[in-house]
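Below: the structure, in structure tokens.
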Amino acid sequence: MSGALGPFLLKRLALSLLTLWLLSVVVFFGCQVLPGDPARAILGPLADPRAVAALNEKLGSDRPPVEIYLSWMGGLITGDMGQSYAYRSPVAPFIGSALVNSLKLAATVFAIVVPLGIGAGVLAALRAGRPIDRLISVAGLSLTVIPEFVSSIALILVFAVLLRWLPLSASWPAGSGPLVQLQHLILPALPLVIVLFGYIARMTRAGMVEALSADYTRTAILKGLPWRTVLSRHVLRNALLPTITVIAAQMGYALGGLVVVESLFRYQGIGSLVLGAARAKDFAMLQAGILTVGAFFVVTTLLADIVTTLLDPRLRTGGRR
Amino acid sequence: MSEALPLTEPAPGLAREARTRGVVGRLLRTPSFLIGITILLFWAVCAVFAPSFVPYDPYADDLLNTLQPPSAEHWFGTDQIGRDVFSRVLVGARAILTIAPLATLVGTVAGTAIGLITGYFGGWVDAIIGRLLEVMLSLPLIIVALLVLVALGPSTPTVVVVVGLVFAPLVARTVRAAVLTERHLDYVAAAAVRGESAPYIMSVEILPNITPPIIVEGTVRLGYAIFTIASLSFLGFGVQPPTPDWGLAIAENYGVLIGGFWWTVVFDTAATASLIVGVNLAAESLQRALAE
Amino acid sequence: MSKLIGFVNKWRQGASELENGVVDQFLLGQLDRRAFFRHGSRIGLSAAVMAGVLQGAGFAPIGRAFAQGKSGGTIRVAQITPSGAIEPVSVADQGGLLPLALAGDFLALDGPDLVLRPMLATSWKPNEDGSVWTFTLRPGVKFHDGRTMTADDVVASIDRLADPANGSNALSAFKGVLSKGGTTKVDDLTVKFTLDAPNGNFPYYVSSDNYNAIILPADYKGDFEKNFNGTGPFKIETYTPKVGATFVRNPDYWAGPALADKVEISFYAEQQPQVLAVLGGQIDLVQQIVAQGSQSLFDNPAVKILRLKSNAHRQIHMKNKGAFADKRVRQAVALTLDRPAIIKGLFKGMADPGNDSPFAPVFPSTDTSVPQRVKDIAKAKELMAAAGAEKGFEVTLTTMQMQELPTIASLIRNSAGEIGIKVNLKIEDVGAYYGDAVPGKSDWLDSEFGITDYGHRGTPNVFLAAPLLSTGTWNSAEFKNPEYDKLVASYIAALDPAAQKAQAGAIQRLLLDETPVIFPYFYDYLTATSSKLTGVEGTAMGQMFLHKAGFV
């Protein structure tokens, strides 16, 4: 790796950590305005106030907010994400399983949308200006803007209610094999595929059009290289750069944007975990959940930067960034 | 970015007018714009006038005729408490077409202000505000909006402000970029030399010159505002019952879907999709027309 | 048979006045069969005595007959995800009740018919005024860890709930009934409860009705999820929070081993996938379904719906000041509701109309001669005019995002509109609605017009007290009526069924007249099972007792 890359990455990393820390502070103080308290959330509205006070003391949730934050932060530095108030056990396993679930769904989404989107984009660029290009552009543009819950309903109606091909719920029976899990994941994945398809196809098309008209492409063709080689070695390689950035950025979105889909398909992902924790006033769970989403976003953005930098040495010197 | 210089002409107002005329002409020749604007106008007409021409009171329940399939009497059937779905779908345009534009306005105004300030002053102001904006942007908008609405409780003004504010960072980013290209131009320097105050330079000198990107950003945001508010209504944090609203109707009737009562959701789904596609077709065409 | 009647007659000679009174009222026709069992079980008449009385009077013996399931098999249960730790002392959500009922037992079981049946206690008896109750425990009951249950465990379990320092959810139910230290050991198999005030319904407070009151070892540390150590028919095998649990049959169960080898519980966040799972045959039992959205189950031969009459309901409170200060306005609002239509439209008929008091038809003490309030817009308009409110007014109705509550709010908006009241709706997240649950920091208690959800109870006592007494802590209506307070005190203290019924009638009439709260309906508790599963016994609280459940 060249000398310029190290400091650049270090700076990005430092900024990312700063962002995450600020996020934790914002969330923490945001938490303070949520109505109710943890013991009240556990015991319900009808519980005796003395019981609520006693339980808050047991849980440690009656301490001053700053103290709670500091002790949580201290724990986090040593790798302890804290204790859930509602479940009275460490937060980490909950975050872990929710994250795994969300990642499974996100992986299904990307496994479908990346080949589909890039393929459509390449096709559109190669047939630029022709009807198929127009069709892909308009379809991509229209699909991208459809809210997940709207497309979900349409998909559910067709595939789960009418045709009964796919299960309606994303939660598979305990102990199901990967194939059954996949079957349950397809329907929830499709709404996100629909949203992301347009972005990826458009970015790919734009990159392709630029690369096709670039000097190096013309030179390669003039050199007499076969079209296939030109396409794979010169055009695609350069055209996919911006697409990779878009895909990486969308991964962070997908993870949190799953909230709606998770709620529709009753899926226990990180989005529903965050919402549930906010409702239960489960401070450590909420913090850890939000930071996980934030960290995922920051990491994917960082990765996108690194990949872009590696593939495009011009950026390393930093003019555009 | 090569065309930047109508700004140095003696009468920038005239040039802007001519440019506007050109844009409108181009737009009217674009089929996707015409389709988009027709859909939008259709729903706008419904939003304003539907209550006076729909066959039933969209609020009136009829508990003895619940979940009736589409018929001559009820074109789109009835919902779980016997309300006429057709009337509710048409009147349903009203809530979303009131809240979404307002939220967009809040977001665009706030975002423009932030963008102007960070872009114009730069330095540590830019660094601090930029960092805070990045924090906001590192979370999916819908999660931020949901958390705030859980805390504050949903009401129309709250939804407008919350959605507006979560959009502000995005607008600010665009505006900041536009300001950065402007602030080193001569006319800004000239104004500074004249001794004009910073607010004056920002609002009177720079702002008129960056309106095209702001307009584009605004129309794109409008599409997303409809998207976000419909999603929030679906999650129970947007438009509140019993107001006819598409997202809310889908949420309310989703539970009976497996019973085969498809008409309780399918028309609201189609309405939401058509409105959003319409707005985006129009926005995209406008964006292109302005860029040409 | 004559031997049995002879036994009863002999028993009557030694029985208390109270016990004889209940039998007399039954024989005179003042109590129907169901009420007799309920009252009899409450004051501790044994099943044998009651069966004898019944036979003497020419009735068939008790016991619901169901086809006996086979031994073996795994019962796959779907239920709502517990919202937090399954911890008997603090649990407050329905999600925790089913696992608790599998792993643990109560002193008594409040069955679906509201008749108390012995569980870990074999019998109980009040003193003359109902202020001291003595329970005899079942001998030889073993905890899952092999230790034998004694009076020490029972005293510790109940006292733990009554101790304000423990953050117990049962504390509010025990308030004014049983305090810390009120539970004492007489001998290894006898426990005495000395109450704060006489209470004719006390056994319900330590039955399954008080879902926190499962009996735990005296040295319980608050870590129930570690081993689910109770005395119940099933032992824990695995438990994964938010996912599910598996239980295996307890071979040493005091009532004999359960039929099923295994119970496998899966947690679901929502109802719909549970409905689908039972339709698709992946689940044998769904703990609870709500009528809205379950249409596809109702006419399906593969699914049985178990319907339990319950007193779970919604309360529509109207604050007794401001716009609703005049009781005629409150009566008028109540008169606009078409209750039979709501029950038909929203509950597919699976609910009973409420008559604006907590006395649901399911309570034996309910006085059914009080006329049912029916929709009458003309009369409502007259009342509004008489109250000087013929022009109507504008008011905000606050409620929460939960099951059919927003729908009911929409219906009230329309019906109140018929008499000129313009209702705006405010629908909040559940947490935001209840807020801090103290006046000034809770929309539930502060809103002038609101809808609140109340779960099923074995007795109307809690409904009568906290939401309606002048000193009630959940009194959203701010209803203050000294006469009502007096009536409730005497109702609660009444041991004798005739006296209870008389007080109930007076309370019902007073509330119907004052209408601080509209009780629009009491909805049934619905459970769905596979048609192959039999012997499932549930309570309208949400517990499921699967000891005798098996496949045919």
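The values are calculated or read from the model by the stated rules, or taken from the named source; none is laboratory data. Not measured: the values here are computed from a predicted model. Neighbour counts run over all protein chains shown; Cβ positions are idealised from the backbone, glycine included. Side chains included, ligands, DNA and RNA excluded: accessible areas come from the protein's heavy atoms. Shrake-Rupley method; radii C 1.70, N 1.55, O 1.52, S 1.80 Å.
Given the criteria out of contact with any Lys or Arg (no Cβ under 6 Å at 6 or more places or on another chain), open to solvent by less than 40 Å² (accessible area, probe 1.4 Å), closer than 30 Å to residue A:299 by Cβ and touching a residue at least 24 places away in the same chain (Cβ under 8 Å), does residue B:93 qualify?
So residue B:93 does not fit the description; no.
Scan region A:221-251 residue by residue and report those that are free of Cβ contacts under 8 Å to residues at least 12 places away in the same chain and either at negative phi or crowded, with 16+ Cβ neighbours inside 10 Å (or both).
Those that are free of Cβ contacts under 8 Å to residues at least 12 places away in the same chain and either at negative phi or crowded, with 16+ Cβ neighbours inside 10 Å (or both): A:221, A:222, A:223, A:225, A:226, A:227, A:228, A:229, A:231, A:232.
Working only within region C:380-399, note down all residues that are open to solvent by 20 Å² or more (accessible area, probe 1.4 Å) and either in contact with a Leu (Cβ under 8 Å, 6 or more places away or on another chain) or aromatic (Phe, Trp, Tyr) (or both).
C:383, C:393, C:396, listed by residue number.
Checking the condition surrounded by 22 or more Cβ atoms within 10 Å (Cβ to Cβ) and free of Cβ contacts under 8 Å to residues at least 40 places away in the same chain, which residue from C:256, C:293 passes?
Among C:256, C:293, only C:293 is surrounded by 22 or more Cβ atoms within 10 Å (Cβ to Cβ) and free of Cβ contacts under 8 Å to residues at least 40 places away in the same chain.
Each row is one residue, and each column tells you yes or no for (1) within 29 Å of residue B:80 (Cβ to Cβ); (2) of a type in the set (A, V, I, L, M).
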site: C:295; (1), (2): yes, no
site: C:298; (1), (2): yes, no
site: C:335; (1), (2): yes, yes
site: C:345; (1), (2): yes, no
site: C:391; (1), (2): no, no
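Looking only at region C:338-359, count every residue that is at pLDDT 95 or above and part of a loop (DSSP other than H, G, I, E, B) and tell me the total.
So the count comes out to 7.
Out of the residues in region A:198-220 that are free of Cβ contacts under 8 Å to residues at least 24 places away in the same chain and of a type outside the set (A, V, I, L, M, F, W, C), which is surrounded by the fewest Cβ atoms within 10 Å (Cβ to Cβ)?
So, considering only residues that are free of Cβ contacts under 8 Å to residues at least 24 places away in the same chain and of a type outside the set (A, V, I, L, M, F, W, C), the one surrounded by the fewest Cβ atoms within 10 Å (Cβ to Cβ) is A:215.
Any idea which residue in region B:216-238 is farthest from the other protein chains (Cβ to nearest Cβ), counting only those that are open to solvent by 10 Å² or more (accessible area, probe 1.4 Å) and aliphatic (A, V, I, L, M)?
B:216
Quick check, is residue B:99 within 30 Å of residue C:399 (Cβ to Cβ) and surrounded by 20 or more Cβ atoms within 10 Å (Cβ to Cβ)?
Taking the combined requirement at face value, the residue satisfies it.
Out of curiosity, is residue C:145 among the acidic types (Asp, Glu), assigned to a helix (DSSP H, G or I) and either out of contact with any strand residue (DSSP E or B) (no Cβ under 8 Å at 6 or more places or on another chain) or free of Cβ contacts under 8 Å to residues at least 12 places away in the same chain (or both)?
no
Within 14 Å of chain C (Cβ to nearest Cβ), closer than 30 Å to residue C:428 by Cα and of a type in the set (Val, Ile, Thr): which single residue out of A:26, A:33 fits that description?
Just a single option satisfies the conditions, and that option is A:33.
Among residues belonging to region A:158-172 that are touching a residue at least 12 places away in the same chain (Cβ under 8 Å) and assigned to a helix (DSSP H, G or I), point out the one that is farthest from the other protein chains (Cβ to nearest Cβ).
The selected residue is A:159.
Are any residues in region A:111-157 more than 9 Å from every other protein chain (Cβ to nearest Cβ) and not in a helix (DSSP H, G or I), and if so, which ones?
Listed by number, the residues that qualify are A:127, A:128, A:129, A:130.
Restricting to region C:192-246, count the residues that are part of a helix (DSSP H, G or I) and not acidic (Asp, Glu).
7
Do we find a residue being open to solvent by 20 Å² or more (accessible area, probe 1.4 Å), facing another protein chain (nearest Cβ under 10 Å) and in a strand (DSSP E or B) anywhere in region C:400-415?
no
Can you tell me which residue among C:375, C:379, C:391, C:441 is over 30 Å from residue C:288 (Cβ atoms) and within 14 Å of chain B (Cβ to nearest Cβ)?
Selected residue: C:441, the only one of C:375, C:379, C:391, C:441 that is over 30 Å from residue C:288 (Cβ atoms) and within 14 Å of chain B (Cβ to nearest Cβ).
Within region A:62-94, can you find the residues that are crowded, with 21+ Cβ neighbours inside 10 Å and within 14 Å of chain C (Cβ to nearest Cβ)?
Listed by number, the residues that qualify are A:84, A:85, A:86, A:87, A:91, A:94.
Taking the conditions exactly as written (in contact with a strand residue (DSSP E or B) (Cβ under 7 Å, 6 or more places away or on another chain) and within 14 Å of chain B (Cβ to nearest Cβ)), does residue C:295 satisfy them or not?
So residue C:295 does not fit the description; no.
Can you say whether residue C:419 is assigned to a loop (DSSP other than H, G, I, E, B), in contact with a Lys or Arg (Cβ under 7 Å, 6 or more places away or on another chain), more than 11 Å from every other protein chain (Cβ to nearest Cβ) and modelled with pLDDT of 95 or more, as far as the supplied structure shows?
So residue C:419 fits the description; yes.
With the condition kept exactly as written, say whether any residue in region C:372-379 is at pLDDT below 95, touching an Asp or Glu at 6+ places or on another chain (Cβ under 9 Å) and surrounded by fewer than 22 Cβ atoms within 10 Å (Cβ to Cβ).
no
Of the conditions (1) open to solvent by 50 Å² or more (accessible area, probe 1.4 Å); (2) not in a loop (DSSP other than H, G, I, E, B), residue B:50 fails just one. Which one is it?
(1)
Looking only at region C:457-467, filter to residues that are more than 13 Å from every other protein chain (Cβ to nearest Cβ) and in contact with a Ser or Thr (Cβ under 9 Å, 6 or more places away or on another chain); which one of those is farthest from residue C:329 (Cα to Cα)?
Restricting to residues being more than 13 Å from every other protein chain (Cβ to nearest Cβ) and in contact with a Ser or Thr (Cβ under 9 Å, 6 or more places away or on another chain), the top hit is C:458.
Pick out the one residue from A:39, A:92 that is in contact (Cβ under 8 Å) with a residue 12 or more places away in the chain and closer than 13 Å to residue A:283 by Cβ.
Sole residue among the options that is in contact (Cβ under 8 Å) with a residue 12 or more places away in the chain and closer than 13 Å to residue A:283 by Cβ: A:39.
Yes or no: region C:474-496 includes at least one residue that is open to solvent by less than 40 Å² (accessible area, probe 1.4 Å), outside any loop (DSSP other than H, G, I, E, B) and under 21 Å from residue C:400 (Cβ atoms).
no
Would you pick out the residues in region C:265-276 that are at the interface with chain A (Cβ under 8 Å from one of its Cβ atoms) and either buried (at least 21 other Cβ atoms within 10 Å of the Cβ) or in a helix (DSSP H, G or I) (or both)?
C:266, C:268, C:272, C:273, C:276
What about residue C:426, is it open to solvent by 50 Å² or more (accessible area, probe 1.4 Å), among the charged types (D, E, K, R), at pLDDT 95 or above and over 22 Å from the mean Cα position of the chain (by Cα)?
no
Could you list, in sequence order, all residues of region B:151-186 that are open to solvent by 50 Å² or more (accessible area, probe 1.4 Å) and not polar (S, T, N, Q)?
B:152, B:157, B:161, B:165, B:173, B:176, B:177, B:180, B:183, B:184, B:185, B:186
Taking residue A:98 as the residue in question, decide whether it is assigned to a helix (DSSP H, G or I), under 24 Å from the mean Cα position of the chain (by Cα) and within 11 Å of chain C (Cβ to nearest Cβ).
Considered against the rule, which asks whether it is assigned to a helix (DSSP H, G or I), under 24 Å from the mean Cα position of the chain (by Cα) and within 11 Å of chain C (Cβ to nearest Cβ), residue A:98 comes out as yes.
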